[in-house]
Amino acid sequence: MRRIGILTSGGDAPGMNAAIRAVARKAIYHGLEVIGFRRGFNGLMHGEYEKLRLGSVADIIHRGGTMLLTARAPEFLETAGRKKAVSVLHEQGIDALIVIGGDGSLRGAAELEKLGVKTVGVPGTIDNDLACTDYTIGFDTAVSTVTEAINKLRDTATSHERVFVIEVMGRSAGYIALAAGLSGGAESILVPEIPFAVEEVAERLQRGVKRGKLHSIILVAEGASSALAVAEQLKVLTKMDIRVTILGHVQRGGVPTSFDRMLASRLGAAAVDLLRSGCHGHMVGLQQGEIKSTSYQEALHQKKKFPEDLYHLATILAI
Ligand code: F6P
C-alpha cells in the first residue's frame, strides 16, 4: 500500500478534523501518501481532491466542522455514481479509502467494497446511532452543547416560572436527548426508543408545580416527536406557560471536546493501522475503552442497544 484516500461524508460532526489529522499524520509517519477528497462522495465521483501534507492538517485539531467539507451525495446512491468513484480511485492510484461519517456514509463505503475498493470506516456523527462503538465522534460535543443550552434555558424558565420544551437532533435515535437530559436534569425525556404518553408528561408537570417547582424542562428527540406538537398538547392538558426551543444545527458546530479529540485521534490512527495490517471492509470503534474493529457486515446490520437503565435513572432523578 502506497497511497490512501480520505473523505468525510454526511452530516459534519465536531472532531472530524481531529480524525483527518490523525489519519494524515499516522499515514505519513508510515511513509504513505494521503489524498483528501472534498465534499464527501461527491468529490470522489468528480475528482475533487488535494494531497494532504503534514502542514495541511496543522491548526485544525480544535476546530469544529471538517476541513475537507462534506455533503450528502444522492448521485452516489446510483450504481453509475459509485462506478465513477471507483474509476477516479483507479486513475489516482489510490490503494485504499478511509471514510469518516455516520451510518449512510459507512454504508457507502461498504458499497465500494463490493466493487473491489479497500475501505475502512471511522464513525463520525453527533447521533451516536452506530452499533459496535460505544461513542461516535461528535456525540460528546453535541451533548455538551445541548447541556449548556439547557442550563441557560433553565435560568429564564425559572425566572418566568415556565415550561420549556426543547427539541434536539439525533435523526431516528434518542442518544443525544438521553445523555443531555440526564446531565441537564430534564424533567422528562422523550425518545423514539421508549414509548411515552404526553398525558403522563402533563401529570409529571402538574405534580412538580404542586411540589413547588418553578420550572420544567422537557427534552424531545426529533425522532420521537416535534417540540411544537408536544408543547401544543401540553398547553391544552395543563394550561401552563410553555415555550419551545428547537436547537437545530447549533448542535453540529463548535469546538470539539477533549473526549471527541481523543476518540477521533485514536480512531483515525487505528484506521490507518488496520489498512496497513491488510484488513479492510471494517469499521473501527471504541468498545469498553479499547479500540476494536468490526466488519461492516456485522456493524451495519445491527441496531445499537439503547441504554434503558440510564433512561430509567434519569426518570427517577427527575422525580
Ligand atoms: O446525522 C446528523 C444530523 O444532524 C441528524 O441529527 C439530523 O437529523 C440530520 O443530520 C440533519 O441533516 P441536515 O444537516 O442535512 O439537515
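The values are calculated or read from the model by the stated rules, or taken from the named source; none is laboratory data. Keep in mind it's a predicted model, so treat the numbers as computed, not measured. Using ideal geometry, Cβ is built from the backbone for each residue, glycine included, and neighbour counts are taken over all protein chains shown. Note: areas computed on protein heavy atoms with side chains; ligands, DNA, RNA excluded. Shrake-Rupley method; radii C 1.70, N 1.55, O 1.52, S 1.80 Å.
Of the cross-linked pairs 118/303; 210/239; 26/305; 26/118; 26/83; 84/303, which ones have a Cα-Cα span greater than 21 Å in the structure shown?
Numbers: 118/303 25 Å; 210/239 14 Å; 26/305 32 Å; 26/118 18 Å; 26/83 29 Å; 84/303 31 Å.
Long pairs (Cα-Cα over 21 Å): 118/303; 26/305; 26/83; 84/303.
Specify the angular offset, from 0 to 90 degrees and rounded to the nearest 10, of the alpha carbon long axis of helix 258-276 from the longest principal axis of the alpha carbons in the chain.
Taking the Cα atoms of the chain, the angle to 258-276 is about 30 degrees.
Pairing the Cα long axis of helix 103-114 with the longest principal axis of the chain, what angle in degrees results, from 0 to 90 and rounded to the nearest 10?
Taking the Cα atoms of the chain, the angle to 103-114 is about 20 degrees.
Give the distance, in whole Å, between the Cα centre of segment 129-146 and the Cα centre of segment 1-59.
Computed from Cα coordinates, the inter-centre distance equals 21 Å.
Can you give me the Cα centroid spacing of segment 94-123 and segment 148-193 in angstrom?
34
Using a probe of 1.4 angstrom, how much of the accessible area of segment 140-253 is carbon and sulfur, in percent? Each step should come with its number before you reach the end.
On the way: 2680 of 5050 Å².
Percent of accessible area from carbon and sulfur atoms in segment 140-253: 53.
If you take every DSSP beta bridge whose two residues both sit in the chain, what share of them, in percent to the nearest 5, is antiparallel? All intermediate terms of the calculation are to be shown ahead of the outcome.
Values: 10 of 42 bridges.
Restricted to the chain, the bridges split so that about 25 percent are antiparallel.
With a 1.4 Å probe and all protein chains left in place, how much accessible area per residue does the chain have, in Å²? Please report the intermediate quantities before stating the final value.
Working: 13840 Å² over 319 residues.
Averaged over the residues of the chain, the accessible area is 43 Å².
How much length, in nm to one decimal, is gained on full extension between residue 54 and residue 312, taken as 0.36 nm per residue of separation minus their Cα-Cα distance?
Values: separation 258, 0.36 × 258 = 92.88 nm, distance 4.70 nm.
Working it through step by step, the gained length comes to 88.2 nm.
For residue 269, what charge total do you get from the other residues with a beta carbon under 11 Å from its beta carbon, if Lys and Arg give +1 and Asp and Glu give -1? Don't skip to the end; give the middle numbers.
Numbers: positive: 21, 25, 26, 266, 276; negative: 273.
Residues close to residue 269 contribute a combined charge of +4.
By the scheme Lys and Arg +1, Asp and Glu -1, what is the net charge of all other residues having a beta-carbon under 12 Å from that of residue 214?
Working: positive: 154, 162, 211, 213; negative: 155, 161, 187, 241.
Value of the local net charge: 0.
Using each residue's phi in segment 131-138, evaluate 6.51 cos²θ - 1.76 cosθ + 1.60 at θ = phi - 60° and report the 3J(HN,Hα) Karplus result to the nearest Hz, with x for Gly and Pro.
Those phi angles translate into 6, 6, 8, 5, 9, 9, 5, x Hz.
Return the Cα extents of the chain along principal axes one, two and three, sorted largest first, each rounded to a whole Å.
On the principal axes, the chain reaches 69, 37, 33 Å in Cα extent.
Of the options 30, 136, 217, report the single residue whose Cα projects farthest towards the positive end of the charge dipole of the chain (beta-carbon charges: Lys, Arg +1; Asp, Glu -1).
30
Two-decimal Rg/Rh of segment 140-253 from alpha-carbon positions, Kirkwood Rh?
Values: Rg = 12.8 Å, Rh = 13.7 Å.
With Rh from the inverse mean 1/r over Cα pairs, Rg/Rh is 0.94.
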